[in-house]
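Chemist: Quick one: structure below, then a few questions.
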Amino acid sequence: MATYVSLVNWTDQGIRGFKDTVTRADAVAQLMERHGGKLKDIYWCLGQYDLVAIIEAPDEQEATAAALEIGAGGSVRTTTLRAFTRDEMQAILARTA
């Protein structure tokens with residue numbers, strides 16, 4: 001499964017509902033499962049981003065579909081990065097000249 005790091009900021013709607021943030025995280029975990037993935041971890045942060053989520057998804061299409069559904073809820077905006085494990089990076093390096 002592919003790993004993704006999502007940098008998350010609350011929208012105006014999201015910050016108004018900050019007391020529901022743990023419940024919303026649980027809903028994201030269920031949504032990821034419906035897309036064949038997993039919310040591996042989530043961190044609430046101080047600084048530039050309000051949350052950081054580590055997710056797994058079977059492929060980019062499922063990750064994108066999940067991100068669209070999460071964003072459509074209106075509480076967050078995300079920037080998502082594809083992350084590679086050590087083994088994945090070794091395999092990538094093996095393909096180079």
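The values are calculated or read from the model by the stated rules, or taken from the named source; none is laboratory data. These numbers come from a predicted model, not from an experiment. FYI the Cβ positions are ideal-geometry reconstructions off the backbone, even for glycines, and counts take in every protein chain you see.
Chemist: Can you tell me which residue within the stretch 10-33, out of those that are among the basic types (Lys, Arg) and more than 14 Å from the chain's Cα centre (by Cα), is farthest from GLY74 (Cα to Cα)? Before the answer, list the steps.
Modeler: Just the residues of the stretch 10-33 that are among the basic types (Lys, Arg), to begin with: 16, 19, 24.
From what's left, more than 14 Å from the chain's Cα centre (by Cα): 16, 19.
Values: ARG16: 11, LYS19: 15 Å.
Looking at the filtered set, the residue picked out is LYS19.
Chemist: So if I check each of GLU56, GLU62, GLU88, which one is acidic (Asp, Glu) and touching a His at 6+ places or on another chain (Cβ under 8 Å)?
Modeler: Criteria check complete, one pass: GLU62.
Chemist: Could we say that MET32 is modelled with pLDDT under 95 and under 29 Å from ASP87 (Cβ atoms) here?
Modeler: no
Chemist: A further question follows. Looking only at strands (runs of 3 or more DSSP E) that fall completely inside the stretch 1-93, which ones have 1 or more residues that are buried (at least 16 other Cβ atoms within 10 Å of the Cβ) and free of Cβ contacts under 8 Å to residues at least 40 places away in the same chain? Give the derivation first.
Modeler: On the way: elements: 2-10, 38-44, 51-57, 76-83.
Counting at least 1 such residues, we get 38-44.
Chemist: LEU46 - would you say it is closer than 18 Å to GLY17 by Cα, over 14 Å from the mean Cα position of the chain (by Cα) and aliphatic (A, V, I, L, M)? Explain how you work it out, then say what you get.
Modeler: Numbers: closer than 18 Å to GLY17 by Cα: yes; over 14 Å from the mean Cα position of the chain (by Cα): yes; aliphatic (A, V, I, L, M): yes.
Spelling it out, LEU46 is indeed closer than 18 Å to GLY17 by Cα, over 14 Å from the mean Cα position of the chain (by Cα) and aliphatic (A, V, I, L, M).
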